[in-house]
Amino acid sequence: MKKVQHSEGMIDAIYYLQKCQLIMKHFNTQNPVVVEWLLQLDETQKQFEQNQFHHPLLEQCTQFINHKIIHPFLICLEQIMKYKNFEYELQKHKLEFDYVIRRLQIIREFLPNISQVPLDDIYCLSNTHQEWAHLAKYVQFIDLDDPEAIDMQFEKFNDYISVGCAYAKLGNMIKLPILSMIFQNLGGAFLITNIEKARQIKLKEMTNPSVQFIQNLWSIQDKAPVLKNFMKYSMTKISSHYKIYVPYLFKPTFTLERINQEIENGTLYNQEGFKGLEMIEEHLYEKVIESLFRKDRKNKIKVRVLSANKEIFRKRIQEDEIVKQIADISKDHNNIFEGVSQQEGQFGKIKKVILQIHGGGWVGMSSFSHQTYTRKWANHIGDDCVIFSIDYRLAPKYPYPYALEDIWQLYLWILYFSRFYMNINLEQIILAGDSAGGNMALGICFRAIKIGIRVPDGLFLPYPVVNLNFKIFNPYLLNGLIDQIAPTTILVVVLKEYLKSGSEHPESDPYLSPIIADDTFLTKLPKIHIICGAKDSLTGDTIRFVNKMRKLHHNIKLDIINCLSHGFMNFEVPIVGVTHMGSVINLTCKMVQELFKSSEVL
């Protein structure tokens, strides 16, 4: 039997783990915490010893783990042993060590997946391979400034994130809303002057985060009154800013039962051709002509509307034309047409529409928190454009595919009904979605392709989630082990909450993992522009997605910004944010405008 050759990184990892255990045995082994640490270190060592396979990615993976996690852990242990009262010093590092142990658990989960990566995968090929040379025509790396200067800005920004984490934690401690708000604000004020305490709270919460903590953290701009008011007054000024509430007019299309049935019977990619839309039956006409400004979060979809145009709403709702439109597009009538009629809306001044879908792991954030850039987009593109920024329903209360259904309902409303309420003569529509929003933007396109209605004219996707099957390994996933804002420990939780029933299939459902979609769907996608960070754990799957689209000769472009991690579009916060993000957002303004130009009707 041929002996498997160890990689140098694997040998080092096993050696470092053994050394860590030897040092730790000098501590009080009756302490349950120490016992647990030793157990986890031993389990990790065994996992490394059992995964002694030859694979191009193994050395890269183990070198990263050694350099970023195991070896620093060993050095810290060695330093502690130099103290006379090393037991006392150990307690000071408990939170730090707990986080190391948690990440080692995650490493044990994905380590066996490395051997499953096919040898012809792009990450297994040399960087001089022709596959990378071909891909280079579609991918551009962008430097912002001196990397050290940017790193220093992020260090300061991470301290504010620590305060935000502590603030989010304080919000979970008291259930009464008023008392919770007082406690949070007083505690937050204290933590701003005690950053080290805030860091400790962040470390503890990031190790085993609850979904409530993640929601509070990622929605802090919405939930913290002081910060929310500060954001309101510091945001870019805009001519039109409204909140409307769009009714559910169509029977649900995205249901888990329906999607799973289509996967099971092999009809998921059957393209049907437009035969009309199934509309709700009860009180349809009353719902469609009801005021968009009547607040109703239970029965309507909240949408933030932004535009540089002061006059975006019609003075009178065209009720007769709404009735005709229902007759035209409903399956219950014979007068069916493909596309969108423009006859009644031909005098509308607004010809461009952006449907913006916010990220936040399907559990947090909102249209409000993304105004730091959506307002700039609206002003940059001009008064012939309107942005619809949706507040879809969030997990865990509303898991997959509720959010997708909300976006689909709004997309159909924009196509078929928006012109009766607004000065819209729709010529171009672009979907823009960051992170989870990018995932769902692709899903909306797939559904439009399937039933034969208008597909968006372009997609702008900052750091999109294109694969929810985390068993498919790529080297960029390692970045999640050291990410300060969206670490793997958090991503694991939000994924679990979004795929709550356990009957979802990210390995075969393209609405969850767009990267696996059939070529018949992928080739019909519009022009795509993606932007992401070189330090983002999701960038690896994005590169794979772009390479797949390249082979289909698709019009797609990927810009990777060096030094940036996940979620950077939300880092331009006044005073406490990363100043270089202003130039990034200005760059995205030009990218979105270019998408409109390249898809103009000739």
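The values are calculated or read from the model by the stated rules, or taken from the named source; none is laboratory data. Keep in mind it's a predicted model, so treat the numbers as computed, not measured. Positions of Cβ are backbone-derived with ideal geometry, glycine not excepted, and every protein chain shown enters the neighbour counts. The protein model used for the area step is the full one, side chains on, heavy atoms only, and it has no ligands, DNA or RNA in it. Shrake-Rupley method; radii C 1.70, N 1.55, O 1.52, S 1.80 Å.
Annotations
- Condition broken by residue 27, with the remaining ones in (1) in contact with a helix residue (DSSP H, G or I) (Cβ under 7 Å, 6 or more places away or on another chain); (2) modelled with pLDDT under 95; (3) within 19 Å of residue 475 (Cα to Cα); (4) of a type outside the set (Val, Ile, Thr) satisfied: (3)
- Scanning the range 514-543 for residues that are of a type in the set (Ser, Thr, Tyr) and open to solvent by less than 10 Å² (accessible area, probe 1.4 Å) yields 537, 539, 542.
- Just one of (1) of a type in the set (S, T, N, Q); (2) in a strand (DSSP E or B); (3) over 30 Å from residue 212 (Cβ atoms) fails for residue 379. It is (2).
- Set side by side, the residues 73, 97 differ, and just one is out of contact with any helix residue (DSSP H, G or I) (no Cβ under 6 Å at 6 or more places or on another chain), buried (at least 18 other Cβ atoms within 10 Å of the Cβ) and touching a residue at least 24 places away in the same chain (Cβ under 8 Å), which is 97.
- For residue 293: the one exception among (1) open to solvent by less than 10 Å² (accessible area, probe 1.4 Å); (2) within 24 Å of residue 242 (Cα to Cα); (3) modelled with pLDDT of 90 or more: (1)
- Filtered residue count, the range 420-453, keeping only those that are surrounded by fewer than 22 Cβ atoms within 10 Å (Cβ to Cβ), in contact with an Asp or Glu (Cβ under 8 Å, 6 or more places away or on another chain) and β-branched (Val, Ile, Thr): 2
- Yes/no for residue 432 being out of contact with any Ser or Thr (no Cβ under 9 Å at 6 or more places or on another chain), in contact (Cβ under 8 Å) with a residue 12 or more places away in the chain and not basic (Lys, Arg): no
- Criterion (surrounded by fewer than 19 Cβ atoms within 10 Å (Cβ to Cβ) and not acidic (Asp, Glu)) met by exactly one of 475, 510, 462: 475
- Any hit, the range 537-544, residues being touching a Leu at 6+ places or on another chain (Cβ under 6 Å) and not in a helix (DSSP H, G or I): yes
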